[in-house]
Amino acid sequence: MIRTVILFASAGVMLVVLALPNHPGQMNYNGLVYWPIELSVLLFAMLALGRTRGVASVLALILVAVTLLKLADLASFAAYNRAFNPVSDLFLIEAGIGLLSDSVGATSAFFVVAGCIVATGLLYMLLRGGLKAWERAALPGPARVVALVAALATGGWAVADTGHHLGYWTFEKNPPGSARTTRVAVARISDARETVADLERFRHAAQVDPMRDIAGAFDRLKGRDILLIWIESYGRASIDNPEYAPTHLETLRRAERQIARAGLEMKSGWLTSPTAGGQSWLAHGALGSGLWTADNARYRAMIASGQKWLFHLAAEAGYRTAAVMPAITMAWPESAAMGFEHVFEAKDIPYEGEAFNWVTMPDQFTLATYAALLPDGPRPDFIQVALISSHAPWTPVPEMLPWDEIGDGTEFNEMAARGPTPRDLWKDRDAVRDAYRRSVDYSLNAVFSHVARLGEDAPLVIVAGDHQAAGLIAGSDNRDVPVHMIAPPGVLSLIDGWGWSEGMIPAGDLEPQRMDGFRNAFVRAFSSVEQVAEVAP
C-alpha cells in the first residue's frame with residue numbers, strides 16, 4: 001500500500017512539472033489541466049528498464065533543466081513579450097537579481113535567490129526519487145516487454161506532436177494529448193543553434209555598411225544642432241490603450257499647441273523597437289547603428305563589428321557628439337564604439353538631490369542641465385539624452401517645477417521621499433499601471449515643455465520611445481513606439497516623403513518602420529552628398 005502511494009505521489013510530482021506552462025497566456029484551466037504525453041513515456045520507460053544505473057539521475061536533471069527553461073520563458077514573456085534565449089539572455093539572470101536587490105533590498109534578494117537554489121535542489125531530489133520508485137517496481141519479464149512497447153509507442157506519439165506543432169511536419173488534425181515540455185526543449189535548443197549561426201551572419205553583414213564611406217553627411221541642416229531624446233518605456237500603449245490614452249493624448253495635444261506657439265513644426269510616426277519591457281540599449285543600438293540588435297548577443301556582435309553609428313557619421317561631418325546618460329552608474333566601455341566624443345554618466349551630471357529609487361534623477365533636471373555639460377565651441381552638436389523617470393518601478397513619480405526653480409537638484413528631495421515603496425506598489429497591478437501612466441506623462445511634459453523653450457533657433461529634435469512597457473503593463477505585445485521630429489520651419493520638409501503625420505500624434509494607420517532603418521533614412525533625408533543616392537534603403 002505504501003509503495004502504491006509513493007508511486008502515485010511521484011507520478012503527481014512529475015505531472016505538475018510536465019504540465020507547467022511556459023507562457024503567461026496558458027496560466028488558465030485549459031493550459032494547466034491536460035495529460036502530458038511525456039509522463040506516459042517516462043513511467044513506461046522506467047518500468048521497462050528496471051534498475052538501470054544512472055537513468056533516473058539523468059532524466060531528473062533533464063526535467064529540472066526544462067522546468068527552469070519554462071520558468072525563464074514565463075518571466076521573459078511577461079517582461080519582454082518573447083521566449084527566453086539560452087545563448088543571448090543568460091546575462092538577464094544577473095540583471096534580474098540586481099533589480100530584485102534594488103526593489104526589495106540586498107538581504108531579501110539574497111534569501112529569495114538562496115530559496116530558489118534550494119527549491120531547485122529539492123525538485124531534483126523529488127524527481128530522482130520518484131523515477132527510482134518506478135524503476136524499482138517489480139514486474140515479470142513479459143510485463144517489462146509490454147512496458148517497453150508502450151514506452152516506444154508513447155515516445156513516437158510525443159515526437160509526432162512535437163514535430164507537428166513546431167512545423168517540422170503537418171497532420172490534418174492535432175495529435176491527441178500534448179508534449180509541451182518536449183516542444184519547449186526542442187524549440188530552445190533550436191533557438192540556441194540558430195542564434196549561434198545568426199551571429200556569424202550578423203558579424204559578416206556588419207562589415208558591409210553602405211554608409212561607411214559617406215562624407216559630408218547632414219549638410220542640408222547647414223550646421224544646425226541635432227538633439228535625440230529617448231523617453232523610457234514610451235510605447236504605442238500611450239496612444240492606443242484606453243487606460244493611458246486620455247492622459248497622454250491630452251498631454252501631446254497641449255504640447256503641440258505650446259510648440260506651435262514657439263514657432264516650431266512637428267511630424268510624428270511609428271518605429272518598431274527590437275525589444276519590449278526593458279533592455280533599452282537594444283533600441284538605442286538598432287536606431288544608432290542601423291543593425292537589428294534584437295538580443296544581447298547581436299548587440300555585442302554589433303559593438304565588436306566596427307559599424308558606424310549616426311554619431312560617427314555626424315563626427316565625420318564636423319559635429320561634436322555627446323551622450324547624456326543619467327541611468328549609467330557603472331562602467332560603460334561599449335560607449336567607445338558608438339561614436340561619442342563626450343559621455344556624461346550619472347556621476348558627471350551635477351545632481352545633488354535624492355534618487356527616486358532606481359532612477360538617479362528626475363528628467364526635468366537632466367533636461368535643465370545637459371546643455372551646460374559641454375563647453376562652448378564652434379562646432380554644431382549632436383547630443384543623445386536618454387531619460388529615465390518613466391523607468392520601472394515608477395515610484396515615486398516626480399512633478400514638474402517651474403524651470404527657473406531648478407537648482408542643484410535638492411529641490412526634488414521632498415518628491416523623492418514620497419511613497420509607496422516599490423514592494424508595496426507592486427502588490428497592486430492597477431496601482432502599478434496608474435503609476436506607469438503618471439510617470440510617462442511626467443516625462444512627456446518635461447520633454448515637450450523643454451523643447452518649446454528652445455524657441456525658433458531650436459535644434460532638429462528627435463523624440464522617441466525606446467520600447468513598449470511589459471505586456472502586463474502595456475496590455476499588448478505590440479512593439480511599436482511613437483517618434484516625433486520637431487524643428488524650425490522648413491527643416492521637416494526634407495522628410496515629407498516619409499509620410500509621417502503632422503503634429504504630435506501619429507495616425508493609427510500609419511505604417512511603422514523598423515528602428516534599424518532610421519539611420520540610413522535620416523542620413524539620406526538630411527544629406528545631399530552623391531554617395532547617399534547610391535545607398536539601398
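Residue by residue, here is whether (1) touching a residue at least 40 places away in the same chain (Cβ under 8 Å); (2) touching a Phe, Trp or Tyr at 6+ places or on another chain (Cβ under 7 Å); (3) farther than 26 Å from W426 by Cβ; (4) of a type in the set (K, R) holds:
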| residue | (1), (2), (3), (4) |
| --- | --- |
| L454 | yes, no, yes, no |
| D466 | yes, yes, no, no |
| G475 | yes, no, no, no |
| R479 | yes, no, no, yes |
| M485 | yes, no, yes, no |
| L494 | yes, yes, yes, no |
| G508 | yes, no, yes, no |
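Taking the range 192-208 only, how many residues are closer than 25 Å to N22 by Cα and of a type in the set (D, E)?
2
Taking Y244 and the conditions (1) of a type outside the set (G, A, S); (2) more than 27 Å from the chain's Cα centre (by Cα); (3) surrounded by 15 or more Cβ atoms within 10 Å (Cβ to Cβ), which numbered condition does it fall short on, given that it satisfies the others?
Against the list (1) of a type outside the set (G, A, S); (2) more than 27 Å from the chain's Cα centre (by Cα); (3) surrounded by 15 or more Cβ atoms within 10 Å (Cβ to Cβ), Y244 comes up short only on (2).
Looking only at the range 415-471, count every residue that is assigned to a helix (DSSP H, G or I) and not polar (S, T, N, Q) and tell me the total.
28
May I ask you to say which residue of A114, A138, A119, A179 is in the same structural domain as N30 (by TED's automatic domain parsing) and surrounded by 18 or more Cβ atoms within 10 Å (Cβ to Cβ)?
The unique qualifying residue is A179.
So which of R423, R437 is surrounded by fewer than 20 Cβ atoms within 10 Å (Cβ to Cβ), in contact (Cβ under 8 Å) with a residue 60 or more places away in the chain, in contact with a Ser or Thr (Cβ under 8 Å, 6 or more places away or on another chain) and not acidic (D, E)?
None of the other options fit; the residue is R423.
Out of the residues in the range 220-235 meeting the condition of being among the hydrophobic types (A, V, I, L, M, F, W, C) and out of contact with any Phe, Trp or Tyr (no Cβ under 9 Å at 6 or more places or on another chain), tell me which one is farthest from A469 (Cα to Cα).
Within the range 220-235, the match that is farthest from A469 (Cα to Cα) is I229.
Are any residues in the range 161-191 assigned to a loop (DSSP other than H, G, I, E, B) and farther than 14 Å from P21 by Cβ, and if so, which ones?
G167, Y168, W169, T170, F171, E172, K173, N174, P175, P176, G177
Provide a single number: the residues in the range 289-303 that are within 20 Å of A79 (Cα to Cα) and part of a helix (DSSP H, G or I).
Count: 4.
Identify all residues within the range 361-378 that are farther than 19 Å from N445 by Cα and in contact (Cβ under 8 Å) with a residue 24 or more places away in the chain; write none if there are none.
Result: L373, L374, G377.
Is it the case that some residue within the range 184-193 is aliphatic (A, V, I, L, M) and in the same structural domain as S280 (by TED's automatic domain parsing)?
Scanning the range 184-193, I find no residue that is aliphatic (A, V, I, L, M) and in the same structural domain as S280 (by TED's automatic domain parsing), so the answer is no.
Give the residue that is surrounded by the most Cβ atoms within 10 Å (Cβ to Cβ), with candidates limited to residues of the range 205-236 that are at pLDDT below 90 and either hydrophobic (A, V, I, L, M, F, W, C) or under 25 Å from the mean Cα position of the chain (by Cα) (or both).
A217
State whether the residues of the range 63-80 include one that is in contact with a strand residue (DSSP E or B) (Cβ under 9 Å, 6 or more places away or on another chain) and either over 28 Å from P176 (Cα atoms) or crowded, with 17+ Cβ neighbours inside 10 Å (or both).
Yes: one or more hits.
With at pLDDT below 95 and closer than 27 Å to L492 by Cα as the only criterion, which of L271, L291 stands out?
L291
Is one or more of the residues making up the range 190-200 buried (at least 21 other Cβ atoms within 10 Å of the Cβ) and either free of Cβ contacts under 8 Å to residues at least 24 places away in the same chain or in contact with a helix residue (DSSP H, G or I) (Cβ under 8 Å, 6 or more places away or on another chain) (or both)?
No, the range 190-200 contains no residue that is buried (at least 21 other Cβ atoms within 10 Å of the Cβ) and either free of Cβ contacts under 8 Å to residues at least 24 places away in the same chain or in contact with a helix residue (DSSP H, G or I) (Cβ under 8 Å, 6 or more places away or on another chain) (or both).
Determine which member of the set D477, D509, D516 is of a type in the set (D, E) and part of a helix (DSSP H, G or I).
Result of the check over D477, D509, D516: D516.
Looking at the range 398-420, which of its residues are free of Cβ contacts under 8 Å to residues at least 12 places away in the same chain and loosely packed, with under 13 Cβ neighbours inside 10 Å?
Selection gives P402, D404, E405, E414.
The values are calculated or read from the model by the stated rules, or taken from the named source; none is laboratory data. Note that the structure is predicted; figures quoted are calculated from it, not measured. As a convention, Cβ positions derive from the backbone with ideal geometry for all residues, glycine included, and neighbour counts pool all protein chains shown.
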